[in-house]
Structure formats: structure tokens, C-alpha cells
Amino acid sequence: MADVVVEQGRRVSSVRARKGRSLRNTLGRKSTVAFFLTLPLILLIALLVLYPAFFSLYLATLNKAMTKFVGLGNFTFLFKRETFWMVVKQSCIFAVTAVVFKALIGFIVAHFVHNIPGKKQRKWRGMLLVPWVIPPAMSTLAWLWLFDPSYSAFNYTLSFFGVGPIPWLGETFWARFSVILVNVWYGAPFFLIMYLAALKSVPDQLYEAAAIDGANWWQKIWYVTLPMMRNIIAITTLFSLIVTFANFDIVRILTSGGPLDTTHLFATWAFQVGIQSSDIPLGACVSLFMVPILAVAAIFILRDVNKRGNEA
Amino acid sequence: MSTLAIDKAGPTRKLGSMSRDRAWALRWSYFFLVLFAIFFLTPPLYMVITSLKSSAEISAATNPWWVFHPTLSNYVELLSSNQFLRFFWNSSIISIVVVIVTMLISIPAAFALARMKFWGSATLATGVFLTYLIPDSLLFIPLFKMLAVIQDFTGITLLNRWYVLAFIYPTLTVPFCTWIMIGYFASIPKELDEAAIIDGASWLQTLFRIFIPVALPGLIAATIFAFTVSWAQFLYPLVFTTSIDQLVLPVGITTTLIKGDVFNWGQIMTGALLGAAPPLIIYAFLMDYYIAGLTAGATKG
């Protein structure tokens with residue numbers, strides 16, 4: 001194997017030597033090769049991520065027909081609209097509540113899975129991760145059907161307990177509850193997997209030492225598990241915060257923002273304003289409001305990831 | 001012999017109580033796991049239940065959790081409808097092309113970023129990670145406008161063409177795949193590729209003969225990720241395509257099976273189940289790779 005490689009290398013270099021030394025040096029130089037290897041990546045990011053991001057900034061300063069520069073006109077227009085402030089509020093409620101419950105459920109279930117014998121863990125883990133595997137647009141349809149007002153499986157079941165029909169998607173409070181519930185259902189398995197991986201990396205000796213010192217289960221979690229998992233909890237939470245904050249599929253399919261725009265998030269409202277009402281500048285403007293929160297979360301994630309890299 | 005027995009007798013009593021505690025902890029764990037499993041598995045199971053019902057049974061006021069007259073008519077209808085097969089076809093081709101494009105871009109880039117330190121390589125790696133954090137809901141409006149402008153300028157139809165999606169999706173898959181491939185490549189011992197270079201291998205030969213075979217598990221994880229992301233993508237196709245023959249599966253099911261206010265739930269659930277099938281099948285067979293890819297994003301790097 002090695003002989004072949006050597007021969008090939010010699011042949012290539014002898015061919016190149018004939019073509020001239022300077023060209024060979026340039027082509028063979030490490031940085032040149034590296035540049036060509038990363039070129040497609042750089043082009044992709046520059047043309048389809050960075051350029052649209054800045055284009056969005058430019059779009060946000062145009063009027064609806066996109067013929068005139070209006071400066072910050074779209075922004076001041078948004079600030080005056082009540083719907084906008086409702087979207088801001090709902091986005092924050094949605095993201096924070098959903099992430100907290102995802103993290104809690106993930107943490108609790110991870111402990112239960114960690115408790116049971118190793119062989120069975122695989123099976124349970126496989127079952128509990130299913131919500132994360134199904135495309136969210138598809139599973140949200142199942143939820144939509146479960147929430148159905150007239151033939152709803154939930155209301156049918158609840159009627160046996162004497163609980164009246166609940167307007168799952170028809171009333172503001174319940175609609176907000178439902179979109180958060182579906183998001184928690186979809187996202188909790190991700191936390192579960194991350195926390196389970198983190199739990200397995202905590203050395204058993206630490207728990208034994210804590211047990212000898214007379215720590216109860218709560219103290220073990222508070223003084224051993226949480227400090228050991230701190231970094232992974234931070235990264236997972238921040239990451240999920242970004243994804244949840246920018247969520248589109250679930251709200252779009254479940255409520256389309258209704259009733260009376262009370263469940264709109266930035267993404268779904270931007271879609272309605274920018275694409276459905278074809279006011280592209282205003283839509284771009286709405287989605288730009290996600291940037292500050294995403295940026296803050298991204299900075300913290302980057303810090304934690306780098307810290308992790310340095311520790312290893 | 002007797003001392004040994006006495007020695008053992010002491011700890012066993014303690015162990016007995018401890019193991020009883022453990023047994024109870026185990027029982028409680030199972031109890032709660034069953035509860036959570038019910039919560040997590042209700043929607044997919046309900047999909048299966050509904051997909052086996054006829055429209056008459058769905059609108060009848062019977063127990064929704066049980067199938068009294070199972071029928072496969074929903075499956076037969078959908079799988080023989082050209083429209084649905086078209087959605088399936090569009091989704092499959094797009095996902096396969098996206099996987100190939102993603103691998104072609106991210107493997108060489110990850111190789112260069114992991115092994116060849118060059119000017120700006122650390123910044124670029126950080127940039128790749130940051131790009132991964134940019135959500136689709138931030139970029140769909142400018143991308144839509146960009147496609148419209150290019151279309152007007154060159155006369156090439158870009159909007160409402162399903163294959164254009166195959167060039168947009170890599171923005172969602174490439175950053176993450178590059179990121180986890182950097183992690184996998186960086187974990188390969190330097191001695192391996194140094195030995196190859198000393199033997200006269202070129203950079204490309206080291207990539208193909210050493211890095212790709214050794215990092216194959218990471219490669220599979222990245223492939224699964226790219227496939228599932230492009231299969232599940234909902235926002236971009238919803239914005240960029242409108243004609244029925246240009247839709248992909250998630251958008252096709254949500255827009256065409258809901259006719260006005262009439263919900264044909266049997267078919268919608270069947271469609272959703274068939275749409276969820278490819279990722280679920282991949283997951284069933286390659287669960288470990290799937291989980292490796294999932295955890296690699298935050299733990300490697």
C-alpha cells in the first residue's frame with residue numbers, strides 16, 4: 001500500500017517538475033491547497049448566508065413597493081403597532097417557558113433513564129427520542145388532530161372526567177398553552193439525550209464520596225450533578241433558546257398565529273406580513289428583531305464551546 | 001471458611017436494605033418512564049390509529065383511541081395518487097442532492113480547517129459555527145427577494161421550482177456537518193497523516209485514504225443529519241414554491257390535503273406518517289450514529 005503511494009507521489013512530482021518549479025510550489029503549498037478546499041464553503045456562506053443577512057438590512061429600509069428609501073420608517077411604524085408588541089411579548093413567553101420545561105423534563109427523564117440497567121436503557125432511549133426524529137411539520141399535524149374541536153381525542157377523554165370541552169386552539173390562553181406544549185413535546189428529547197450523555201460522564205466516585213459524607217439525593221444533584229453538567233446545560237439551553245425563539249413550523253400549522261394574532265412569533269408574523277401580505281420590507285424588518293436575542297445567545301454559546309475546547 | 005462466612009454476613013444485611021432501596025428507585029423510574037413514554041408516543045400512535053380508519057368512522061362519535069373497522073384504503077389512495085408520489089419524489093431527490101452537495105463542500109473544508117493551519121483558519125471555523133446558529137426564519141425573506149431579483153435579471157425561473165431548493169438547503173446543513181467533521185478529523189492522531197505524507201502521499205490522498213475511512217462514523221452521522229434536515233424543512237419550500245407539482249412532502253401534505261375547511265383527517269394522518277417514515281426508518285437502523293451526531297454538536301470542538 002505504502003509503496004504504491006510513494007510511486008504515485010514520485011510520478012506526480014516528476015510531471016510537475018517539468019511544468020516549472022514556481023507553479024509547483026504555488027500549487028503544492030499548504031495554504032493554497034487549504035484555500036481551494038475551503039473555497040466552496042466560503043462561497044456558500046458568503047453568497048447564501050452573509051449576503052442575504054445584509055440584504056435583509058437593506059430591504060428593511062425600503063417602502064412597501066420597494067421603490068423608495070425610507071430609513072428607519074418601517075421600524076417606527078412597527079413600534080406604533082400594538083400587534084408588534086404582542087408578538088414581542090408572545091415570542092419571549094413562548095421561548096422562555098418552552099425552554100424551561102424542555103430542560104426540566106429532559107433533566108428528570110434523563111435521571112430515570114440513567115437509573116435503569118444498561119441493557120434496557122437503549123430501548124427506552126430509542127423510544128423517548130421518537131418526537132425529535134419525526135419532522136415537526138408532520139407531528140404537528142397529529143397534534144392539530146388531537147386538538148380538533150369537534151372530534152378531538154383529548155376532549156373525548158376529558159369528558160369522562162367531567163372536564164368540559166376545552167377550546168385548545170380557539171382561546172388565547174389555551175392556544176398559547178397548546179403551542180408551548182407541542183414545542184416542549186418536540187424539544188424535550190433533545191435535552192434528554194444531551195443530559196444523558198452528560199450524566200454518563202460524571203464519575204461514580206463523586207457520588208460515592210458524597211454518599212459517605214451523608215448527602216441525600218437532593219444534595220447529590222445540587223452539589224455533584226449540576227456543577228459537573230453546568231457547561232452542557234448552558235450550551236443546550238442557549239442553543240434551544242435560539243431554535244425555539246426562531247420557531248416557525250409549529251405555530252404556523254397549529255394556529256397560523258390566531259386567535260386574533262395572539263400566538264404569533266417573530267417568524268410566523270414575518271411570514272404573514274412579508275410573504276402573504278407581500279410587504280417584503282416590513283417582513284424583513286420584523287425578522288430582524290430576532291437578531292439581538294440570537295446574537296446574545298450566540299456569544300454565550302461560543303464562549304462555552306471555546307471553554308469546553310480548552311478544557312479537553 | 002467460617003471467618004469468611006462471618007465477614008460476608010455483616011455487609012449483606014446492609015446491602016439488603018440498600019438493594020431494597022434500589023429496587024424501589026428502579027420501580028419508580030419505570031413508572032415515570034412509562035408516563036413520559038405515553039406523553040412522547042401519543043401523537044405518533046394516534047397518527048397510526050387514524051390512518052387505519054375510514055372517513056365514516058372518523059366522523060362517527062365512537063372512541064377515537066380505537067380502530068373498530070381497520071382499513072388500508074387511506075394508504076392505497078395516497079400511494080396511487082400521482083400528486084402524493086410527486087411530493088415524495090421531489091422530497092427524495094432534493095434530500096439526496098443536498099446530502100451529496102453537503103458532503104462535497106463540508107468534507108474538504110473540515111479537512112482543511114482541522115489539519116492545515118492557514119491564515120484565518122481559526123476565524124473561519126468560528127464563523128462556520130456561528131452560521132449554524134443563524135435560523136432559517138431570519139433568511140427566508142431576503143432569500144425570496146434575492147431569487148426574485150435574479151430571476152428578473154437573468155430570465156431564469158428560480159421561484160416556484162423545486163430543484164432550486166436543493167441549492168438553498170445546504171445553508172442549513174453545511175455549517176453543522178463541517179463543524180462536526182472538524183471535530184472528528186481533529187480527533188484522528190497526527191501520526192497517521194504524518195506517516196502518509198512522509199510516504200509521499202499528497203494532501204488529497206491523505207484525505208481519501210486516511211481521514212475519510214477513519215472518520216466514517218462521523219461521516220455517517222453528518223449524512224443522517226443532512227438528510228433529516230432537508231427532509232423536514234418546511235419554511236423554505238412554503239415560501240419558494242407554490243404550484244402543486246413543485247411542492248415537497250411536508251408542504252404538500254399541509255396545503256393540498258386540507259381543502260378549504262374540510263379536513264380529511266384519515267388521509268392527512270396517513271400522509272404525515274408516510275412523510276415521517278424515511279427519517280424514522282433511518283433512525284431505527286442507525287440510532288447510534290444519529291445520537292452521536294446529535295451530541296457531537298455541543299460536545300465536540
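The values are calculated or read from the model by the stated rules, or taken from the named source; none is laboratory data. Only a predicted model underlies this, so the values are computations on that prediction, with no experimental measurement involved. No Cβ is skipped: glycine too gets one built from the backbone with ideal geometry, and neighbour counts run over all protein chains shown. These area figures cover heavy atoms from the full protein model, side chains too; ligands, DNA and RNA do not enter into them. Shrake-Rupley method; radii C 1.70, N 1.55, O 1.52, S 1.80 Å.
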Of all the residues that make up segment B:70-85, how many are aliphatic (A, V, I, L, M) and either surrounded by 13 or more Cβ atoms within 10 Å (Cβ to Cβ) or part of a loop (DSSP other than H, G, I, E, B) (or both)?
-> 3
Given the conditions (1) of a type in the set (A, V, I, L, M); (2) surrounded by fewer than 15 Cβ atoms within 10 Å (Cβ to Cβ); (3) out of contact with any Ser or Thr (no Cβ under 8 Å at 6 or more places or on another chain), and given that A:Leu196 satisfies all but one, which numbered condition is not satisfied?
-> (2)
Lone unmet requirement of (1) among the hydroxyl-bearing types (Ser, Thr, Tyr); (2) assigned to a helix (DSSP H, G or I); (3) surrounded by fewer than 21 Cβ atoms within 10 Å (Cβ to Cβ) for A:Ser256 = (2)
Extreme residue, nearest to the other protein chains (Cβ to nearest Cβ), among residues of segment B:249-287 that are over 30 Å from A:Arg125 (Cβ atoms) and hydrophobic (A, V, I, L, M, F, W, C) = B:Trp265
Residues of segment A:122-142 being touching a residue at least 40 places away in the same chain (Cβ under 8 Å), more than 7 Å from every other protein chain (Cβ to nearest Cβ) and surrounded by fewer than 23 Cβ atoms within 10 Å (Cβ to Cβ), in sequence order, are A:Arg125, A:Leu129
Run down B:Ala292, B:Ala284, B:Ala232, B:Ala222 and say which single residue is at pLDDT below 85 and within 13 Å of the chain's Cα centre (by Cα).
-> B:Ala292
Give the residues of segment A:172-191 that are touching a residue at least 60 places away in the same chain (Cβ under 8 Å) and open to solvent by less than 30 Å² (accessible area, probe 1.4 Å), sorted by residue number.
-> A:Ala175, A:Ser178, A:Val179, A:Ile180, A:Val182, A:Asn183, A:Val184, A:Gly187, A:Ala188, A:Pro189, A:Phe190, A:Phe191
Matching residues in segment B:194-234 - criterion: being over 29 Å from B:Phe140 (Cα atoms) and of a type in the set (Ser, Thr, Tyr) | B:Ser202, B:Thr206
Given (1) in a helix (DSSP H, G or I); (2) open to solvent by 90 Å² or more (accessible area, probe 1.4 Å), index of the condition A:Thr67 fails = (1)
Matching residues, segment A:147-171, being hydrophobic (A, V, I, L, M, F, W, C), without any contact (Cβ under 8 Å) to a residue 12 or more places away in the chain and not in a loop (DSSP other than H, G, I, E, B) = A:Ala153, A:Leu158
Taking segment A:95-120 and the residues there that are in contact (Cβ under 8 Å) with a residue 12 or more places away in the chain and of a type outside the set (A, V, I, L, M), the one that is farthest from the other protein chains (Cβ to nearest Cβ) would be A:Thr97
Taking into account only those residues within segment A:49-63 that are of a type in the set (Ser, Thr, Tyr) and part of a helix (DSSP H, G or I), which is farthest from the chain's Cα centre (by Cα)?
-> A:Tyr58
What pairs can you find where one residue is in segment B:106-119 and assigned by TED's automatic domain parsing to the domain that holds B:Thr223, the other is open to solvent by 10 Å² or more (accessible area, probe 1.4 Å) and charged (D, E, K, R), and their Cβ atoms are less than 6 Å apart, with a gap of 6+ or different chains?
-> B:Met116/A:Lys30
Residue that is closer than 22 Å to B:Leu41 by Cα, in a helix (DSSP H, G or I) and not basic (Lys, Arg), where the choices are A:Ile242, A:Ile193, A:Ile221 = A:Ile193
Matching residues in segment B:144-173 (in a helix (DSSP H, G or I), in contact (Cβ under 8 Å) with a residue 12 or more places away in the chain and either in contact with a Cys (Cβ under 6 Å, 6 or more places away or on another chain) or not aliphatic (A, V, I, L, M) (or both)) number 7
Top-ranked residue of segment B:115-148 - restricted to ones that are facing chain A (nearest Cβ under 9 Å), aliphatic (A, V, I, L, M) and open to solvent by 50 Å² or more (accessible area, probe 1.4 Å), ranked as nearest to the chain's Cα centre (by Cα) = B:Ile134
Do any helices (runs of 4 or more DSSP H) lying entirely in segment B:184-301 carry at least 1 residues that are open to solvent by 40 Å² or more (accessible area, probe 1.4 Å), and which ones are they?
-> B:190-198, B:203-206, B:216-232, B:249-256, B:265-285, B:287-299
Residues of segment B:24-69 being open to solvent by 20 Å² or more (accessible area, probe 1.4 Å) and not in a helix (DSSP H, G or I), in sequence order, are B:Leu52, B:Ser54, B:Ala60, B:Ala61, B:Thr62, B:Asn63, B:Trp65, B:Trp66, B:Val67, B:Phe68, B:His69
Subset of segment B:162-192 (residues that are farther than 27 Å from B:Pro135 by Cβ and within 12 Å of another protein chain (Cβ to nearest Cβ)) = B:Ser187
Please determine, by comparing only the residues of segment A:214-245 that are of a type in the set (Ser, Thr, Tyr) and within 13 Å of A:Ile301 (Cα to Cα), which one is nearest to the chain's Cα centre (by Cα).
-> A:Ser240
Do we find a residue being more than 8 Å from chain B (Cβ to nearest Cβ), at pLDDT 75 or above and over 30 Å from A:Gly258 (Cβ atoms) anywhere in segment A:10-18?
-> no
